[in-house]
Amino acid sequence: WDNADFSRGVGTTFYQEFSTLNTAKPPFVRDVEAKVQRYLRSSYSAAWTLKITWEKAPVYAARTDTRKTVTYQAVLTTDGFRSYILMLYQNGGMQWDYTRLTSTNVLIGYT
């Protein structure tokens, strides 16, 4: 989740935690549960979920261009036994021009 550069005051990062063990689940958590159930074709009930959003994040190094930004999210969720991550990107996917990055071994997602 690097190569975003907030040093020029463009873009922001924020997070929201949802502890839903023994509480009513907000629509966002129900949507996450539905995605996990659909992708894995199994039942899933979240006990805890964390949503991290990078909004209008400029590519590193922002000193060269702060106009090309991207919004993306990582959603971490667990039922206390199994844990999942959803990587969500704005429509059209990651919009940064990876050919202009200083590193050429770019990966969207995680390993």
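The values are calculated or read from the model by the stated rules, or taken from the named source; none is laboratory data. No experiment lies behind these values; they were computed from the predicted model shown. Methodologically, a virtual Cβ is constructed for each residue, glycine included, from the backbone with ideal geometry; neighbour enumeration extends over all protein chains shown. Side chains included, ligands, DNA and RNA excluded: accessible areas come from the protein's heavy atoms. Shrake-Rupley method; radii C 1.70, N 1.55, O 1.52, S 1.80 Å.
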Restricting attention to the stretch 20-60, which residues are open to solvent by 80 Å² or more (accessible area, probe 1.4 Å) and small (Gly, Ala, Ser)?
Ala24, Ser43
Quick one: count up the residues across the stretch 69-90 that are of a type outside the set (A, V, I, L, M, F, W, C), within 13 Å of the chain's Cα centre (by Cα) and open to solvent by 50 Å² or more (accessible area, probe 1.4 Å).
3
Give me a count of the residues in the stretch 22-46 that are over 20 Å from Met87 (Cβ atoms) and in contact with a strand residue (DSSP E or B) (Cβ under 7 Å, 6 or more places away or on another chain).
1
